[in-house]
Each structure stands twice: as structure tokens, then as C-alpha cells.
Amino acid sequence: MIDTLQTLVNIPSPSGMTQEAIRFAERELQALNVSTSRLHKGALLATFPGRSKEARLLTAHVDTLGAMVKDILPSGRLRLTQVGGYAWTAIEGENCLIHREEGDAIEGTILIHQSSVHVYKDTNSAERSASNIEVRLDEKVHSREDVTALGVEVGDFVSFDPRFKVTSSGYVKSRHLDDKASVAILLDLAKDLVRYDLPHTVHFLISNYEEVGFGGNAGIPEDVVEYIAVDMGALGDGQHSDEYTVSICAKDSSGPYDIELRRTFTSLCKKHEIAYKVDIYPYYGSDASAAIRAGYDVKHALIGPGIESSHSYERTHTSSMEATRDLLYRYVLTTMEEEA
């Protein structure tokens, strides 16, 4: 799982530029002889046949936060527009790549305009915003014309250096653990699913527009009756989730999740001694809630590894990923009659 995660986070894939990450997941599943197909908007659907006519769907999203070039300044620096929601302070000082339409990506660094304390009195106090966060290109450029001569244009995607690291104590630190940690979990789970006579058909949806709100609201097979979003549990003051357990969401900004499915997950955790926490996320929405808003008649749930510093330089622990994988494994091998 961790090796897969490292590969995934090092594939740039801000929402709208996810083709290579989708191709990676597709190759991993096809190597297991899993049937896959692409949706029109680029997401990946994989199917593991089961005995029942009713199916379950597990989704995780491969798209991440990022940015696009909004303007090329006379100084040769770039202004950005955000892709996904995050604080500008979360990316200040980060290395980045500018993905040109033609040619390799160009390296740069994201900085506040008033970055030099020896020049600007307000370096500490200046508000970090779209008007003063800039990209300093690692090229000899001094003007807008120099930049456009490199092939950099408004609308080019900008991705952030993930800085992936695993510590000796089992912590995984990286950008984009939301939600590539969950994609890695599903790809690892697939190795078990191909070995079993499943009680129900299981679909994987690797979605590609979750960070902008519409990743998992289309292309859901008609046989799906339970829709499980596998996504991060958010940590902070007033939250119960942590980095060592699987987080089970009772409610987020879209409202409550299906109580029967939630009780199924908590019962499985108790039965199989899987460490878990139930939590509520006031500023959160998932692909499962997007599917409900789109009108799909399914039970929906949200579970996943607990991730610290969401939408910043994130961290989780291998035990949280393992607990999430274990719960999903128990769930897909449980019949709906056993759930009831």
C-alpha cells in the first residue's frame, strides 16, 4: 500500500489534469485481470463480479488540490487561481511544477510577493491572498514576454511538490493523502477481491473531480444499492478522529449519512476488533453526498483513514490505512442479510 501511495502522490493530478493518475490505477487493476472502463468525464470504473444482483460501490478520488496560471506579471512571475479549496498559507514556500501544453513541466516556487524581510516591512503581517501569492519560475525570466516565450500560458495547471516521507515510527507525511491514501487502499484491496467468490458485485469508482464537487455523481451502475466513499477523516479541535483508526462519518455539511450502513461498519469493527472512531465533519462533503444530490437512490456512507492537517502538508499513520483496509475487506465479504 505504501509503495503504491508513494507512486501515486508523485503523479501530478490536480482536478482537471488527472489522466496519468487514472492510467496508473487502470494499469494496476488490469494487471489483476479486473474489468475496467472509462467514464466520459475521465473517471475509472472497475467491476468485481459477485453472486447477488445487488452491488456495492467503493469510491476514492485521485484528483488533488492544485492551481492554474491566472496571470503572467510584468516581472515574469505568475499569479494563480486555486483548484480546490485551501488556505493560501498552506502552499506558501512550496516547490511546484507548471505544466505547459507542450514540453516538460517547468519548476518554480510559490511565494508571497513581499517574501524578503530585508526589503519589505510587512512580510509577517501581509495577508496571504490571490493578489500577492506568486510563482517564481526557475528560469531566466524578467518579463511577461520572457515567460510566454517558454510556452507558459494562462490556464496552465500548477501542481505542488508532495514531499512524501515515511518515518520509522510509521507516520506517512505528504501532500495529497486526500485522497490518494484511499486509492492506494482500494488498489491493495483489489488483490483480495479477485481471489474470492464475492457475495455481491463490487464496483470501484476512481473519481477525478471530487475536489471541485462533482467527482462521483455520474456513471454509477444501475445495480448499486450501497455507495461507500472512502475518503479522509479530518482531525482538529472538537473532532474525534485520529491518525491510528478508521474514521466513520455520521454527518458532514451535506447532512447525515445512512444510519444502517454506519451501524454495519461499527458492528464490523467491534466484531473483528478494528480500531475506529465515529465523527462529524462540519465543513466536508464527499463523492457519496454528491451522488445523493444528483438523485441516485442508494444508501451512502463515508469512511477512511484519519488525516492530520487536511488540505495542507498532511499526515497519517500506517495503522489508520490498515484499519480502513481491514474494515472494507470485512464489509465486501459480508452479505446484506448479515448486515440486516
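The values are calculated or read from the model by the stated rules, or taken from the named source; none is laboratory data. Everything quoted here is computed from the prediction, not taken from an experiment. Reconstructed Cβ throughout: ideal geometry from the backbone, glycine too, with neighbour counts over all protein chains shown. For the accessible areas, the whole protein counts, side chains as well, though only heavy atoms, and no ligand, DNA or RNA atoms are used. Shrake-Rupley method; radii C 1.70, N 1.55, O 1.52, S 1.80 Å.
Here are some notes:
- Counting only Cβ charges, +1 for Lys and Arg and -1 for Asp and Glu, the dipole size of the chain around its Cα centre is about 260 debye.
- When the Gaussian network model of the chain links Cα atoms closer than 10 Å, the mean-square fluctuations of His317, His240, His142 top out at His142.
- Shape analysis of the stretch 166-297 places it in the rounded category; the axes a ≥ b ≥ c from the Cα gyration tensor give an a/c below 1.5.
- Take every pair of alpha-carbon atoms less than 8 Å apart whose residues are at least six positions apart; their mean separation over the length of the stretch 240-282 yields a relative contact order of 58 percent.
- Within the accessible area of the stretch 60-144 (1.4 Å probe), percent carbon and sulfur: 45
- With a Förster radius of 45 Å applied to the C-beta separation of Gln19 and Lys121, the computed FRET efficiency comes to 0.50.
- Heavy-atom accessible area per residue - the stretch 103-246, 1.4 Å, Å²: 43
- Qualifying GluC sites (Glu not before Pro) in the stretch 56-117, where qualification requires a DSSP coil assignment and no more than 12 other C-beta atoms within 10 Å, comprise Glu101, Glu102.
- Given [x] 14.9; [y] 16.8; [z] 18.3, the label whose value is mean projected area of the Cα convex hull in nm² derived from this model: [z]
- Expected 222 nm ellipticity per residue - DSSP helices of 4 or more, -39500 (n - 2.57), all of the chain, to 500: -7500 deg cm²/dmol
- Candidate lysines - alpha carbon under 29 Å from Lys165, same-chain residues fewer than 8 apart omitted: Lys173, Lys180, Lys191, Lys277
- Rough spin-label spacing in nm, given labels placed 7 Å along Cα→Cβ, for Thr109 and Ile2: 3.0
- In this simple spin-label model, placing a label point 7 Å from the Cα along the Cα-to-Cβ direction at both Glu273 and Ile259 gives a separation of 3.1 nm.
- Mean accessible surface per residue for the stretch 44-102, computed with a 1.4 Å probe while every protein chain stays in place, in Å²: 40
- Potential lengthening between Lys140 and Asp71 on full extension [0.36 nm per residue; Cα-Cα distance subtracted]: 23.0 nm
- Note on the chain: GNM, Cα springs under 10 Å; of Thr64, Thr123, Thr318, the largest mean-square fluctuation is that of Thr123.
- A straight line joining the Cα centroids of the stretch 1-34 and the stretch 257-273 runs 29 Å.
- Separation of the stretch 164-214 and the stretch 101-157, taken as the distance between their Cα centroids, equals 34 angstrom.
- Surface share of carbon and sulfur [accessible, 1.4 angstrom probe, percent] for the stretch 207-282: 49
- Charge dipole of the chain about the Cα centre (unit charges at C-beta), most positive-ward option of Met68, Ser267, Val278: Ser267
- Cα Rg, Dmax (largest Cα-Cα span) when computed across the stretch 86-143, Å: 12.8, 40
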